[in-house]
Amino acid sequence: MNILGIETSCDETAAAIVADGQTILSSIVSSQVHIHRPYGGVVPELASRKHIENIVPVVRRAMDEAGITPERIDALAATRGPGLVGALLVGFSFAKAFAYALNRPLIGVNHLDGHLGSVLISESPPDFPFVSLLASGGHTAIYEVVSATESRLMGQTRDDAAGEAFDKVAKALGLGYPGGAVIEKVAGRGNPAAVSFTRPYLDKNGFDFSFSGIKTAVSRQIQLAGDRLEETIPDIAAGFQEAVADVLCHKLIHAAEVKGSRHIALVGGVAANSRVRQKLAEAASARGLSLHVPPLELCGDNAAMIAVAGFHRLSSGLGAALDTDVFSRVSGA
């Protein structure tokens, strides 16, 4: 079964062809980073306009690279939300029209389910149930993943997502956008112990997050550095990254212990951060846990994960009518 996946929840126009929910035949991602960089973040109106320009050529390229004609597409899976409504409407409306023209099933996919299922595209996926940390620019939450189509929220951020905190700290330090990669690069030249930040655990026995306070702490360090800021930036970046990594690691490991799960996963854009991956790998190894992280190309927003989630939903009899709408937020998440 060939599933065409489409993802336009934020500023990536993505399309992919996945066979039988496992084999990626093509995965195309058109980035808008260069457009939004001057603004220090995603401008929704600009994102929507670029999706309109990109959606047809991106889908065409995905089919060409997969060697698939429209007639060989068995179903279409597209992100319904959460995300930017204008951006979502471009991809989901395109999928509706394509599904109608081909007389194929349409599957509306929750963007978060796509990320949670990104670890299933591997030779050794985790056994169900497993506990997963989803950390990205828009979301930071811990889930118990019961099956390929069911997950249970355990805790989430009360304010900023981890990736959002990386972006805002990078902007405050004058390092540019997006913040994740540049913070990691600059932190590599710094000493994480030179500028120590209080770990925002909230409740060490709970699973919620809060990263607004550490942003304020970074601003304070910038003020204290004064004329020495330029030479202090690597240490501030390293200290900030270490603090965030410690909190993410503690919460996920604790969730696994509470649920008695031997398998844990790290998904979302922050999963590309090598320091976060390293700390989790060390903690998992020390406790005999199996850590699952998707390949780097599947950490950020992509359509392959949407196609995989769509395959499992379709296999469970979960489709979407052509009058289904998009949504910006998940109720209670």
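Worth pointing out:
- The mean sequence distance of close C-alpha pairs (under 8 Å, at least 6 residues apart), as a share of the length of the chain, puts its relative contact order at 25 percent.
- Global form of segment 111-225, assessed from the alpha-carbon gyration tensor, a/c cut-off 1.5: prolate
- The phi-based Karplus calculation (6.51 cos²θ - 1.76 cosθ + 1.60; θ = phi - 60°) puts the 3J(HN,Hα) values of segment 151-165 at 9, 10, 5, 9, x, 8, 6, 8, 9, 7, 6, 4, x, 5, 5 Hz, whole numbers, x for Gly and Pro.
- For the chain, the solvent-accessible area works out to 42 Å² per residue, with a probe of 1.4 Å and every protein chain left in place.
- Ligands, DNA and RNA aside, residue 262 has an accessible area near 120 Å² when probed at 1.4 Å.
- The share of C-alpha pairs in segment 21-96 whose separation exceeds 17 Å stands at 52 percent.
- Vicinal HN-Hα couplings computed from phi for segment 246-261 (Karplus, 6.51 cos²θ - 1.76 cosθ + 1.60; Hz; Gly/Pro x): 4, 5, 4, 5, 4, 5, 5, 4, 5, 4, 5, 5, 5, 7, x, 8
- Heavy-atom accessible area with a 1.4 Å probe sorts 10, 299, largest first, into 10, 299.
- From the Kirkwood radius over Cα pairs of segment 201-280, Stokes-Einstein at 10 °C and 1.306 mPa s returns a whole-number translational diffusion coefficient of 112 µm²/s.
- By the rule of a C-alpha distance below 15 Å, with chain neighbours fewer than 8 residues away ignored, the aspartates and glutamates paired with residue 171 are 160, 184, 230.
- Highest-MSF residue in the chain out of 26, 196, 48 [GNM, Cα springs under 10 Å]: 196
- In the chain, helical runs assigned H by DSSP with n ≥ 4 each contribute -39500 (n - 2.57); averaged across all residues and rounded to the nearest 500, the mean residue ellipticity at 222 nm is -13500 deg cm²/dmol.
- Accessible surface for residue 312 stands near 50 Å², nearest 10, in the context of the full protein assembly shown (1.4 Å probe).
- Count of Lys pairs (Cα-Cα under 18 Å; at least 8 positions apart or interchain) in segment 202-333: 5
- Exposure of residue 316 as accessible area (Å², to 10), given a probe of 1.4 Å and all protein chains: 70 Å²
- Considering only the Cα atoms of segment 180-333, their convex hull presents on average a projected area of 12.1 nm².
- Environment charge at residue 289 (Cβ cut-off 10 Å; Lys +1, Arg +1, Asp -1, Glu -1): +1
- For segment 290-302, Karplus couplings with θ = phi - 60° (6.51, -1.76, 1.60), whole Hz, Gly/Pro x: 9, 9, 10, 10, x, x, 3, 5, 10, 6, x, 5, 7
- Cross-link reach list, lysines versus residue 96, counting only Cα pairs under 27 Å and skipping chain neighbours closer than eight places: 50
- Summarising the strand pairing of segment 55-181, around 70 percent of its internal DSSP beta bridges are antiparallel.
- Beta bridge orientation in segment 1-128: antiparallel %, DSSP, nearest 5: 60 percent
- One decimal place: the segment residue 85-residue 323 gains 84.1 nm when fully extended, by the rule 0.36 nm per residue minus the C-alpha distance.
- The chain - convex hull of alpha carbons, volume per residue in Å³: 123 Å³
- Shape category assigned to segment 2-144 from the gyration tensor of Cα positions, a/c cut at 1.5: oblate
The values are calculated or read from the model by the stated rules, or taken from the named source; none is laboratory data. Note that the structure is a prediction, hence the values are computed from the model and not measured. Cβ: placed from backbone, ideal geometry, glycine included. Neighbour counts: every protein chain shown. Please note that ligands, DNA and RNA were not included when accessible areas were found on the heavy atoms of the full protein model with its side chains. Shrake-Rupley method; radii C 1.70, N 1.55, O 1.52, S 1.80 Å.
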